[in-house]
1. Spot the failing condition for Asp43; the list is (1) in a helix (DSSP H, G or I); (2) within 23 Å of Gln142 (Cα to Cα); (3) at pLDDT 95 or above, and only one is missed.
2. In the set Ser146, Ser168, Ser180, which member is under 23 Å from Asp19 (Cβ atoms) and among the hydroxyl-bearing types (Ser, Thr, Tyr)?
3. Of everything in the range 65-85, what is closer than 19 Å to Trp27 by Cβ and either surrounded by fewer than 23 Cβ atoms within 10 Å (Cβ to Cβ) or outside the structural domain of Phe96 (by TED's automatic domain parsing) (or both)? Give them in sequence order.
4. When you look at Ile147, is it in a strand (DSSP E or B) and either within 16 Å of the ligand (Cβ to nearest atom) or more than 29 Å from Val204 (Cβ to Cβ) (or both), yes or no?
5. Within the range 81-108, take every residue that is among the β-branched types (Val, Ile, Thr) and part of a helix (DSSP H, G or I) and give me the one that is modelled with the lowest pLDDT.
6. Would you point out which residue out of Ile174, Ile164 is closer than 29 Å to Ala61 by Cα, assigned by TED's automatic domain parsing to the domain that holds Glu77 and surrounded by 13 or more Cβ atoms within 10 Å (Cβ to Cβ)?
7. If you go through the range 91-102 one residue at a time, do you hit one that is in contact (Cβ under 8 Å) with a residue 40 or more places away in the chain, out of contact with any strand residue (DSSP E or B) (no Cβ under 9 Å at 6 or more places or on another chain) and β-branched (Val, Ile, Thr)?
8. Tell me, please, whether a residue that is in contact with a Phe, Trp or Tyr (Cβ under 7 Å, 6 or more places away or on another chain) and either polar (S, T, N, Q) or away from the ligand (no atom under 13 Å from the Cβ) (or both) can be found in the range 29-37.
Amino acid sequence: MINGLSFDIEEHFQVAAFDCVARRRHWDSHESRVEQNTHLILDLLERQGIHATMFVLGWVAERHKGLIRRIVESGHELASHGYAHELITGQTPRVFREDIRRAKHLLEDIGGTPILGYRAPTFSITKESEWAIPILVEEGYQYDSSIMAVVHDYYGMPGAIPTIHAISTDSGPIWEVPPSTCKWAGMTFPVAGGGYFRLFPYRVLKPLLQR
Ligand SMILES: [Zn+2]
């Protein structure tokens, strides 16, 4: 992962908590906002001279190829957010392998650049779904950025190392680049993540992001 700043590129309705109201089978009937909103982010980054890592959903890449090419041409790192945005805790190892392989091939074909990094939908690599890590190695990923050292109902691995480190698996090593967290009053709180970005007042978030 070559940038400290990262974005997950997906539609506004592709959120695990919305599953009961924005059913997967209806995704294509919703208004698409991802292209227009990502162009705004890319414009902003360009004005500031900042590069980022973009974890793009395969489902989005398939429908917005021009956007993927702009991400690469602008010098950002293109990485994988999987294909279908299913929580890993709800997948079998076989389904997971197919999902990350499909996303990698698609992004490499469209972007013309190797895809080395992966971030799970809703950071959903947990103690129960740790089996996903060696599969990432076998499918050619060199780093993961999914393991959040917090307590949460959908994700989190309390006690996990909160800084960049190597993980050894039977299939080989892989780097873990954990999404940012902070310690306060002996507890670990998330800093990264779109939900927290929207919920925390900016004056609280800004010093945490600058650490
Ligand atoms: Zn996502």
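The values are calculated or read from the model by the stated rules, or taken from the named source; none is laboratory data. The structure displayed is predicted, hence computed values, not measured ones. When we count neighbours, we look across all protein chains shown, and the Cβ atoms used for this are built from the backbone with ideal geometry, even at glycine.
1. Failing condition for Asp43: (2).
2. When all the criteria are applied, what remains is Ser146.
3. Taking the range 65-85 first, the residues closer than 19 Å to Trp27 by Cβ are 65, 67-68, 80-85.
Selection gives Lys65, Leu67, Ala84.
4. Criteria not met by Ile147.
5. In the first step, residues of the range 81-108 are kept if they are among the β-branched types (Val, Ile, Thr); the result is 88-89, 92, 95, 100.
Then drop every residue that is not part of a helix (DSSP H, G or I), which leaves 88-89, 95, 100.
Details: Ile88: 93, Thr89: 89, Val95: 97, Ile100: 98.
Among residues in the range 81-108 that are among the β-branched types (Val, Ile, Thr) and part of a helix (DSSP H, G or I), the one modelled with the lowest pLDDT is Thr89.
6. The unique qualifying residue is Ile174.
7. no
8. yes
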